[in-house]
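Here's the structure, in structure tokens; my notes come after.
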Amino acid sequence: MRDSVFTYQTRTKRVIKIAYSEIYFIEAGNLSHQLFLQIKSQTIAFYGSLAEIDKLSDCLLRIHRDTLVNQDKISAYLKKDKQVLLDDGTVLSVSRSGADILKGITKR
């Protein structure tokens with residue numbers, strides 16, 4: 001599954017195909033259904049649904065209402081600060097329900 005490709009047809013009918021291994025996280029923007037997919041070299045903006053994407057993949061974890069993170073890119077879970085640290089140094093906030101999901105994940 002980790003070597004598979006994330007494929008998603010946006011609300012504007014654009015098809016996004018990216019290897020899961022390249023994805024760091026996907027987060028909601030300020031506009032309705034606006035999403036930002038973060039890969040190492042760039043951010044891809046598109047319109048879609050985090051809920052739909054969450055159902056598509058076991059690689060992406062819902063750590064906050066507006067954030068899905070690639071579990072393979074998590075280098076540390078900072079439980080006290082309610083944050084995750086990614087391999088590239090990015091720090092993301094974790095909600096209470098996201099913390100429950102991360103408790104079951106043991107990484108490094």
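Say whether the condition of being within 24 Å of N30 (Cα to Cα), at pLDDT 95 or above and open to solvent by 70 Å² or more (accessible area, probe 1.4 Å) is met by at least one residue in segment 97-105.
No, the conditions are met nowhere in segment 97-105.
Scan E27, E22 and give me the residue that is surrounded by 15 or more Cβ atoms within 10 Å (Cβ to Cβ), touching a strand residue (DSSP E or B) at 6+ places or on another chain (Cβ under 8 Å), among the charged types (D, E, K, R) and over 16 Å from D72 (Cβ atoms).
E27
For segment 37-51, which residues satisfy the criterion of being more than 13 Å from T67 (Cα to Cα), outside any strand (DSSP E or B) and not small (G, A, S)?
K40, Q42
Which one is farthest from V94 (Cα to Cα), of the residues in segment 1-19 that are open to solvent by 90 Å² or more (accessible area, probe 1.4 Å) and of a type outside the set (D, E, K, R)?
T12
So in segment 37-66, with the set limited to residues that are open to solvent by 10 Å² or more (accessible area, probe 1.4 Å) and of a type in the set (S, T, N, Q), which one is modelled with the lowest pLDDT?
Residue satisfying both the conditions and the ranking: S41.
Could you identify the single residue in A45, A28, A76 that is hydrophobic (A, V, I, L, M, F, W, C) and touching a helix residue (DSSP H, G or I) at 6+ places or on another chain (Cβ under 7 Å)?
Going through A45, A28, A76 in turn, just one is hydrophobic (A, V, I, L, M, F, W, C) and touching a helix residue (DSSP H, G or I) at 6+ places or on another chain (Cβ under 7 Å): A28.
Exactly one condition in (1) farther than 23 Å from D87 by Cβ; (2) assigned to a strand (DSSP E or B); (3) not aliphatic (A, V, I, L, M) is not met by E27; state its number.
It fails just one condition, (1).
Testing Q34 on (1) surrounded by 15 or more Cβ atoms within 10 Å (Cβ to Cβ); (2) under 23 Å from V91 (Cα atoms), one condition comes back false. Which one is that?
The single condition Q34 does not satisfy is (1).
Among the numbered criteria (1) touching a Ser or Thr at 6+ places or on another chain (Cβ under 9 Å); (2) more than 19 Å from R14 (Cβ to Cβ), which single criterion is violated by F36?
Failed condition: (2).
Under 9 Å by Cβ, and 6 or more places apart or on different chains, what pairs join a residue from segment 32-60 that is without any contact (Cβ under 8 Å) to a residue 12 or more places away in the chain with one that is of a type in the set (G, A, S) and loosely packed, with under 13 Cβ neighbours inside 10 Å?
F36/A45
Looking for whichever is under 20 Å from A19 (Cα atoms) and of a type outside the set (F, W, Y) here; the options are L92, L56, L102. Which one fits?
Unique residue meeting the criteria: L56.
The values are calculated or read from the model by the stated rules, or taken from the named source; none is laboratory data. The model shown is predicted, which means the values in this text are computed figures rather than measured ones. Quick reminder, even Gly has a Cβ in these numbers, built from the backbone with ideal geometry, and neighbours come from all protein chains shown. Note: areas computed on protein heavy atoms with side chains; ligands, DNA, RNA excluded. Shrake-Rupley method; radii C 1.70, N 1.55, O 1.52, S 1.80 Å.
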